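The values are calculated or read from the model by the stated rules, or taken from the named source; none is laboratory data. Every value quoted in this text rests on a predicted model; they were computed, and no experiment measured them. Don't worry about glycine lacking a Cβ; one is built from the backbone with ideal geometry, like all the others, and counts go over all protein chains shown.
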Amino acid sequence: MKTTLCSICLTNYPLVCVNCQEKIDSGEISELDVRVIRVLINLEKNFSSLKDITFVRAIQANGLIIVLVSRGDSRRLRPALRKIQRLAGGELDTTLRIVEESRNPQHILRDLIRPVRILGVNTIWLPDNSFERKVRISSRDQSRIPLDIRRLEEIVYELSGERIRIAFD
Ligand SMILES: [Zn+2]
């Protein structure tokens, strides 16, 4: 896995080199990032596809850890993606989701709720000429989504900069 922490520090942590210490001090790498990186690096032995992905950062949100990776990386991890999420989440005692970095709210949501599928997206124009994207999900899938829906909408906004509304059909 490609990370901003050097390979020596990944092995020796909490002993870190001057370079990496600077990154930690400046907030470029958080404590959470280091914890998550170490768990994922450990899984590389069993899931070699992890070696090809780029770790961007980890975010903690209401009992969920979101691992942001580069574009195309979740495809690289498939078909082991769900297994990796389950094992890494178990290791960190939380629900973990691997999400590709994107400005597209639909893509963020897709990664968060996988394997649940998005049925479609409607754009609703509001009187003030702004718009809202309504993302439709089958009501049969509601119980398979691991997170409160409002919270999910907030995470999507945080990561993509765009608001969506989730609706169950
Ligand atoms: Zn280092």
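Filtering the range 116-160 to residues that are out of contact with any strand residue (DSSP E or B) (no Cβ under 9 Å at 6 or more places or on another chain), under 21 Å from Ile59 (Cα atoms) and modelled with pLDDT of 90 or more leaves Glu154, Ser160. Taking Leu92, is it assigned by TED's automatic domain parsing to the domain that holds Met1 and either within 30 Å of Thr3 (Cβ to Cβ) or modelled with pLDDT of 90 or more (or both)? Yes; evaluated as a whole, the condition is true for this residue. Would you mention how many residues in the range 50-68 are in contact with a Ser or Thr (Cβ under 8 Å, 6 or more places away or on another chain) and farther than 15 Å from Gly89 by Cβ? Of the residues in the range 50-68, 5 are in contact with a Ser or Thr (Cβ under 8 Å, 6 or more places away or on another chain) and farther than 15 Å from Gly89 by Cβ.
Within the range 1-41, the set of residues being aliphatic (A, V, I, L, M) and within 14 Å of the ligand (Cβ to nearest atom) comprises Leu5, Ile8, Leu10, Leu15, Val16, Val18, Ile24, Ile29, Val34, Ile37, Ile41.
Output yes when any residue across the range 71-79 is outside any helix (DSSP H, G or I), away from the ligand (no atom under 16 Å from the Cβ), of a type outside the set (S, T, N, Q) and within 25 Å of Asp148 (Cβ to Cβ), and no when none is. Within the range 71-79, not a single residue is outside any helix (DSSP H, G or I), away from the ligand (no atom under 16 Å from the Cβ), of a type outside the set (S, T, N, Q) and within 25 Å of Asp148 (Cβ to Cβ).
The C-beta contact set for the range 4-25 (first residue over 23 Å from Leu43 (Cα atoms), second residue more than 6 Å from the ligand (Cβ to nearest atom) and of a type in the set (Val, Ile, Thr), distance under 8 angstrom, 6+ apart or interchain) comprises Lys23/Thr4; Lys23/Ile29; Ile24/Val34. Hey, any hits in the range 79-96 for a residue that's in contact (Cβ under 8 Å) with a residue 40 or more places away in the chain, surrounded by fewer than 15 Cβ atoms within 10 Å (Cβ to Cβ) and closer than 27 Å to Ile29 by Cβ? No, the conditions are met nowhere in the range 79-96. Can you find even one residue in the range 41-49 that is buried (at least 17 other Cβ atoms within 10 Å of the Cβ), in contact with a strand residue (DSSP E or B) (Cβ under 8 Å, 6 or more places away or on another chain), at pLDDT 90 or above and closer than 16 Å to Ala88 by Cβ? No, the range 41-49 contains no residue that is buried (at least 17 other Cβ atoms within 10 Å of the Cβ), in contact with a strand residue (DSSP E or B) (Cβ under 8 Å, 6 or more places away or on another chain), at pLDDT 90 or above and closer than 16 Å to Ala88 by Cβ. Screening Val67 against (1) modelled with pLDDT under 95; (2) assigned to a strand (DSSP E or B); (3) under 17 Å from Met1 (Cα atoms) leaves a single unmet condition, (1).
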